[in-house]
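These notes are about the structure you will find just below.
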Amino acid sequence: MKFKLILISALLPLFYGCASTEVTKTTTEAKLYNETLNPRQKEYPNHLGFNDLHIQAIRHLVPDTHDVHDPKLQTIVHHHCKAYEDTSLLCLMFHSGMKDQDKPIGFEYIITTEQFNKLPAEEKKYWHYHKTEVPRAKATFPDMTAEETAKVLPVVNETYGKVIYFQQPHDKLPLGEPYIVIVQDMPEQD
């Protein structure tokens, strides 16, 4: 705790300036969120920019066995996504949520069908089609109403995702090499 206070006191002058405490108001504010993917963003703090879209999904952890009942297949992985102007999304993935001290264990890069079609053939095997995988992963959008989800789901369904992990869920630090998960090769769920 003492370290946090020292760090914050050292960084505050850098963020807010040393010479003046006067706040200047700008006439045009930049949008800090994606209105299409998170229409209620104003109700939620923009958490490091990765709060444009929140998705919860199973079937995103590599199982220890090829059994459909493997607990890792049932583990909910939270995707906290940032939308970019080129229509791609980058989702930080957490096995425990996104509370203050939760660390991401990987990420999913999401692209449009048009972007996917431009990929080299040998690269396409690493990507999964969300129209197929969203129902298989029992994906939900917990921060949205049913009406908002109905508008967003058709957009998400026409995208492709590539899942890359750099850490096992319960490791304290990222150990070993990062790895790509071929989601479509995982065992089917009941």
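The values are calculated or read from the model by the stated rules, or taken from the named source; none is laboratory data. Being a predicted model, the structure only gives us computed values, none of them experimental. Heads up, the Cβs are rebuilt from the backbone with ideal geometry, glycines too, and the neighbour counts pull from every protein chain shown.
General remarks:
- Counted residues, the stretch 101-116 - those being of a type in the set (D, E, K, R) and loosely packed, with under 14 Cβ neighbours inside 10 Å: 1
- Selection of the stretch 136-147 for residues being surrounded by 12 or more Cβ atoms within 10 Å (Cβ to Cβ) and either of a type in the set (Phe, Trp, Tyr) or out of contact with any strand residue (DSSP E or B) (no Cβ under 6 Å at 6 or more places or on another chain) (or both) yields Arg136, Lys138, Phe141, Met144.
- Residue count for the stretch 69-94 satisfying the condition of being within 18 Å of Val183 (Cα to Cα) and among the aromatic types (Phe, Trp, Tyr): 1.
- Any hit, the stretch 95-106, residues being closer than 24 Å to Pro178 by Cα and of a type in the set (Val, Ile, Thr): yes
- Members of the stretch 117-135 that are crowded, with 18+ Cβ neighbours inside 10 Å and either more than 23 Å from Glu177 (Cα to Cα) or at pLDDT below 90 (or both): His130, Glu133, Val134
- Test: Thr159 is surrounded by 11 or more Cβ atoms within 10 Å (Cβ to Cβ), among the hydroxyl-bearing types (Ser, Thr, Tyr), more than 18 Å from Val77 (Cα to Cα) and in contact with a helix residue (DSSP H, G or I) (Cβ under 8 Å, 6 or more places away or on another chain): yes
Listed here are the residues, each with its yes/no results for (1) under 20 Å from Pro187 (Cβ atoms); (2) among the basic types (Lys, Arg); (3) within 19 Å of the chain's Cα centre (by Cα).
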position: Lys72; (1), (2), (3): yes, yes, yes
position: Ile76; (1), (2), (3): yes, no, yes
position: Leu92; (1), (2), (3): no, no, yes
position: His95; (1), (2), (3): yes, no, yes
position: Tyr109; (1), (2), (3): no, no, yes
position: Lys125; (1), (2), (3): yes, yes, no
position: His130; (1), (2), (3): yes, no, yes
position: Arg136; (1), (2), (3): yes, yes, yes
position: Val152; (1), (2), (3): no, no, yes
